[in-house]
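Okay, here's the structure, questions in a sec.
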Amino acid sequence: MPQVQADRVAIPPMLIQPIVENAIEHGLNGVKDGQISVLVGLVGSFLNIDVKDNGVGPEVAAQRTARRNKASMGMDLVRKRIALFDRHTSATQAVEIRGSTTADGDVSGTVVTIRLRVQHLTEHVAIGDR
């Protein structure tokens, strides 16, 4: 979004990549014409990062993962990065996963929202974060 000054806002490295990977692997697997969007915006003093896909939705994706007896480490890593970056926001507050629906109420994919307290680069330059 235009109000986000990308050169002045700090986010943990490799934060969005695991979520996009999960969208590809779990949400869009087998979906024709799959799409992923990433939208970054400001809501008050929080930076919101929305990763949205038009895949099968979180419930079907979770069933597929459970059948393979494979746990995804991507979201755990995201939560740990957030905890290290922002000790004032809990992991449950910082990450929300929900289904997206059409106007008819049909499942139309998954939206993962990350909420981070806005921190400027000057707060992280000393330790090398960007």
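If packing is taken as the mean number of other Cβ atoms within 10 Å per residue, what is the order of 25-34, 49-58, 76-85, highest first?
49-58, 76-85, 25-34
Please list, in chain and number order, the residues 5+ apart from Ser108 or on another chain whose amide H is under 5 Å from its amide H, with Hs placed from the backbone.
Close amide H contacts, sequence-distant or interchain: Ser100, Thr101, Thr102.
Any read-out appearing in this document is the output of simple, stated calculations on the displayed coordinates, not a laboratory observation. Predicted, not measured: the structure shown is a model, and the values here were computed from it. Here the Cβ is made from the backbone with ideal geometry for all residues, glycine too, and neighbour counts use every protein chain on show.
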